[in-house]
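Chemist: Have a look at this one.
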Amino acid sequence: SSGINAEWPLRPGAHLSFQPEHFFALGSPLGLFLAVRGVHSLGKDFSLPTCKRFFNIFHPYDPVAYKLEPLILGKKGDPVILPHHKGRKRMHKEITDQIARVGFAFKNQISNTILSFYSG
């Protein structure tokens with residue numbers, strides 16, 4: 001047991017009028033707080049006692065958000081990149097991919113030019 005009491009409300013007496021099935025943490029520092037408490041692993045069977053599913057959504061440049069995947073899946077837990085509202089990748093990822101494509105095309109063009117020069 002990790003000693004986490006997820007049932008404790010933020011304000012005594014505060015309760016929801018429904019039972020949530022999904023919990024979305026946006027930019028949550030929960031991973032940091034667990035690490036400070038000395039929690040090294042939550043295990044693959046981790047679940048909140050009040051919700052069936054837990055989603056930790058964070059931006060890699062958010063100084064407050066921390067990943068929970070390593071606590072649940074160990075070192076093999078990689079985050080998933082979510083497309084933004086237009087269905088594309090985030091702008092910095094699109095630019096990185098485009099630079100890689102242009103570099104590959106440029107290298108191939110140079111190689112073909114050199115091969116045709118010596119072949120011909």
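Chemist: What does the charge add up to near E21, with Lys and Arg as +1, Asp and Glu as -1, over the other residues with Cβ less than 9 Å from its Cβ?
Modeler: Every neighbour counted, the sum reads +2.
Chemist: Simple spin-label model, 7 Å along Cα-to-Cβ: V39 to Y61 in nm?
Modeler: 2.9
Chemist: Right, next: Give me a comma-separated list of calculated 3J(HN,Hα) values for region 53-63, in order, Karplus coefficients 6.51, -1.76, 1.60 applied at θ = phi - 60°, integers in Hz, x for any Gly or Pro.
Modeler: Each residue's phi maps through the Karplus curve to give 10, 10, 10, 9, 9, 8, 9, x, 9, 6, x Hz.
Chemist: When Lys and Arg each count +1 and Asp and Glu each count -1, what net charge do the other residues less than 14 Å away from G31, Cβ to Cβ, add up to?
Modeler: 0
No value in this document is a laboratory result; all are computed from the given coordinates. All of these numbers come straight from a predicted model, not from anything done at the bench. Heads up, the Cβs are rebuilt from the backbone with ideal geometry, glycines too, and the neighbour counts pull from every protein chain shown.
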